[in-house]
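Presented below is the structure to which this report refers.
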Amino acid sequence: MRLSRRTLDRLPQGVKKPDYDPSRVTIGIVHLGIGAFHRAHQAAFTEGLLAGDPSWGISGVSLRSPDTRDALQPQDGLYTLKIQDGESEQLQVIGSVVELLCAPEGPEAVLSRMADPATRIVSLTITEKGYCHNPATGTLDETHPDIVHDLEDPRQPRSAIGFIVEALARRATAGVAPFTLLSCDNLPSNGQVLNRVVTRFAELRDPALGKLARRVASPSTMVDRIVPATTDSDRDTIATALGLEDAWPIMTEPFRQWVIEDDFTLGRPPWEKAGAVFVDDVALFEMMKLRLLNGSHSTLAYLGYLAGAETVAEAMALPGMEPLIEGLMREEATPTLPPLQGFDLAAYRSDLLRRFRNPKLRHRTWQIAMDGSQKLPQRLLGTIRDRSMAGAGYERLALGVAAWMRYARGLDEAGNPIDVRDPHAARIAGLVRDIAEPEQIVDAYLTMRDVFDADLATSAPLRLALVKALTRLFEEGSAAILRAYAR
Ligand code: CS2
């Protein structure tokens with residue numbers, strides 16, 4: 001028997017379930033990119049508010065595969081969130097996602113939902129690459145195949161940007177005010193980046209549309225919750241615990257954080273009641289999170305994978321890893337962060353180390369290693385730039401970047417192929433797969449100007465630091481380098 005509205009009353013005691021009538025929930029938010037992260041984060045924050053106002057239900061849109069819709073539609077959108085660490089465990093059934101759409105199968109249904117006057121917010125978790133931008137500059141990549149396609153055929157879009165602009169155009173024609181755009185991806189000033197790419201795309205369609213797009217509210221946000229991909233063994237555990245099948249439960253940690261700029265033209269759910277924090281400017285929070293959490297995460301993932309660690313918790317247990325990450329955060333990244341009033345960075349860092357050690361989450365290093373070309377600029381390279389301008393060292397950060405170079409080349413330390421997932425995987429392989437000299441490998445990577453901006457690409461000290469780290473990675477291997485950091 002499957003989890004669904006009809007079977008909700010069979011849930012065992014202790015499983016938290018909707019405290020409202022799911023059939024009364026109507027749609028106020030269209031979310032593009034209905035993956036695991038959204039379902040553990042924004043959908044969970046919204047869940048707690050629907051009893052107060054059922055008009056903020058979520059229509060979850062997949063831009064690529066039908067998998068989420070196929071899993072959740074037969075369950076009326078319901079799914080289980082398992083929230084756990086070494087100390088606690090809680091199961092909660094979430095009902096805030098009340099509709100599931102698959103964009104490639106039905107772009108028209110998505111567009112009409114977005115154009116519906118009841119839709120007041122369009123939120124996004126489409127990952128870094130979904131912005132079709134140049135990660136080094138944050139501007140629209142006008143040669144991106146999806147962008148080229150969406151400009152040619154704007155009524156059948158493929159990219160999130162194409163959907164947003166077409167929906168805004170339809171609303172304008174119908175005399176409906178624009179929705180608020182809410183980016184929830186790990187990008188610095190994510191709202192501004194979104195507004196910039198949307199505006200540029202709209203201008204390319206029609207200058208008047210460009211003007212309209214520029215004025216659309218796009219508050220920036222900082223989102224945080226660790227959410228590993230669900231496995232079949234997770235599905236089995238949940239089925240046993242519920243006594244009902246759930247085709248796509250989500251595993252996560254107790255920690256959650258959401259910092260949002262309060263700029264919503266058509267209203268918003270009172271997310272602060274669920275623990276979100278509204279501020280005037282999110283930039284510093286985002287920088288802190290990207291440089292401390294995500295910069296550490298990527299470093300852990302590449303070095304950990306190369307040293308044979310399958311999960312973040314295993315990587316953290318490698319001798320030397322924890323001191324390396326602690327030092328990267330405290331000595332190299334923190335000095336680049338402007339002070340955040342009333343915020344204890346030391347406590348934040350030790351919390352991060354504890355979260356990375358979470359023994360209950362099987363967060364694969366391979367998962368975090370994905371899309372390095374899109375992630376490194378804001379996670380490690382911006383920090384390196386600031387350190388270098390201050391005349392300060394960045395040995396550990398450079399080691400993280402060199403580990404990416406070694407990883408993305410596509411061969412592990414035993415010479416076996418790595419399944420590298422990155423929009424530029426083929427381009428990277430073409431650049432470096434057939435060369436073995438660390439110097440040449442570094443130079444080839446530095447030609448990627450969408451990753452290394454000109455100042456970084458021409459920095460002699462950075463080149464030297466990368467060559468040194470990559471040479472050691474080839475000669476000694478990741479585990480031995482890490483051991484040297486052990487205290
Ligand atoms: C991770 C993030 O996959 C990754 O690249 O670094 O998804 C990370 O788990 C989240 O940003 C935590 O909030």
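The values are calculated or read from the model by the stated rules, or taken from the named source; none is laboratory data. This structure is a prediction, so every number in the text was calculated from the model and none was measured. Note that each Cβ is placed from the backbone with ideal geometry, even for glycine, and that neighbours are counted across all protein chains shown. Please note that ligands, DNA and RNA were not included when accessible areas were found on the heavy atoms of the full protein model with its side chains. Shrake-Rupley method; radii C 1.70, N 1.55, O 1.52, S 1.80 Å.
A few points about this structure:
- Helix-only arithmetic for the chain: the sum of -39500 (n - 2.57) across DSSP H runs with n ≥ 4, divided by the residue total, places the mean residue ellipticity at 222 nm at -11500 deg cm²/dmol.
- Apportionment of accessible area to carbon and sulfur, region 283-483, percent (1.4 Å): 52
- Proximal charge balance of residue 118 [Cβ under 15 Å; K/R count +1, D/E count -1]: +3
- Between region 1-44 and region 83-158, the alpha-carbon center distance in angstrom: 19
- Interatomic Cα distance distribution for region 250-318, bins of 10 angstrom, percent: 17, 33, 28, 17, 5
- Nearest-20 debye value, region 189-237 charge dipole, Cβ charges on Lys, Arg, Asp, Glu: 540
- Using only alpha-carbon positions in region 386-487, the gyration tensor eigenvalues give semi-axes of 21, 19, 11 Å once each is multiplied by 5 and square-rooted (largest first).
- Cα shape, region 299-422, gyration tensor, a/c 1.5 rule: oblate
- Antiparallel content of DSSP bridges confined to the chain, in %, to 5: 35
- Considering all different alpha carbon pairs of region 80-124, the Kirkwood hydrodynamic radius works out to 13.5 Å.
- Taking amide H positions as modeled 1.01 Å from N, with prolines and chain starts lacking one, the residues under 5 Å from residue 224 and 5 or more places away or on another chain are 257.
- Partners of residue 16 within straight-line reach, counting lysines whose Cα lies under 21 Å from its Cα and excluding those fewer than 8 residues away in the same chain: 82, 273, 360.
- Cα-Cα pairs of region 5-279 separated by more than 35 Å (percent): 15
- Peptides 83-94, 192-203 ranked from most to least packed, by the mean per-residue count of other Cβ atoms within 10 Å: 192-203, 83-94.
- For the chain, the alpha carbon positions stretch 62, 57, 45 Å along the principal axes, listed from largest to smallest.
- One Cα centroid belongs to region 245-293, the other to region 385-402; the line between them spans 29 Å.
- Under 15 Å from the residue 367 label point (7 Å along Cα→beta-carbon), backbone N, region 244-279: 248-255
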